[in-house]
Amino acid sequence: MAAGYTQVTSSEIYSISNGLGWRTDQVYDFDFDPRLAVNHTDLTRDGNAVSNNDFLVDLANGKYDVTVTIGTASNQADHHSIYVALQMQDGPEETIRLDNFGVVAPTYRVTVKDGQLDVGLVDAERQQDWDAGLLALAITPVDTTEPPVQSAARYVTTDAATQGSWKGAYGSQGFEVALDPSANNPSLPVSTSMAAMGASSCVWDVSTSDPRALEAVEPGVTDPPAASWYSHTSFDIDISLQDGQEHQVALYLVDWAHQGLTETVQVLDSARPTRCSTLARPAASTAASTWSGGSKVTSCSG
């Protein structure tokens, strides 16, 4: 018997007390003739032969990598190739060819949901031959714990003073201004992309001198439009940063019509549908004049 393994014989019929074994007693032990199976190891020189049976193992629910080592159970040197149907849990049968004294050891990623692993072996030719042998079963739990977020976003500041005068204060590495028709809008670093998803667009004023309106990207425009992306429920701004560096990201939020709006900004890791950080949540008690005057919420994100 190979080191690190538990020996299972044909008498090992499954029971709740054992926690493992064959479903039925239609199984027998076999050993390879060492004169014919010179290449076999302690792991593969003997096993349990079956025609149609299931090996059951009680396991905690979760994911496992299961390596099933099977081989021919015949000692006849001139034995023909056989075909074995292997079925893991409720998955489809996989037909495997075994040549004289051949051994295969496929590994499967299996999810156990009902507390039990089920490995089925069937004579694929349906001749009820006892030619297939289960030699070994290796079960390794899969660690599904997600690694910690290496560069979670953090809140930096809220700026209610700058209003629409963003040039020179923000956007030194890149920017996008909603509905600005300037030829160089957006301007983003190489390998960086941005998209507003699920948002509608609105132009409050096609030309205004209101200081809350963002400066036009194109130089020399003194009366830029006042426009935004918005939603009555929620929308996403997907920013893809591929350089592995930390960047400061600022969002400009404004209640243009002085309606006392509130807004929650969350930063999410695109690889995991979980919240990294809540950056801003203007509460009902926040002064309407502050919010309607326009605020920039700034965070750092990797």
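Readers should treat all values here as calculations from the given coordinates under stated rules, not as data from a laboratory. Note that the coordinates shown come from a computational prediction; the quantities given were computed from them, not determined experimentally. Note that each Cβ is placed from the backbone with ideal geometry, even for glycine, and that neighbours are counted across all protein chains shown.
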I need the shape label for the range 145-248. Rule: rounded when a/c is under 1.5, else prolate if a/b > b/c, else oblate, with a, b, c from the alpha carbon gyration tensor. prolate
Within 10 Å of each residue's Cβ, count the other Cβ atoms and sort Phe55, Phe235 from fewest upward. Phe235, Phe55
Counting each pair of different Cα atoms once, what's the Kirkwood radius of the range 195-235 in Å, rounded to one decimal? 11.3 Å
Quick one: Lys113, Lys63, fewest Cβ neighbours within 10 Å first, how do they rank? Lys113, Lys63
Fewest-first ranking of His258, His247, using other Cβ atoms within 10 Å as the exposure measure: His258, His247
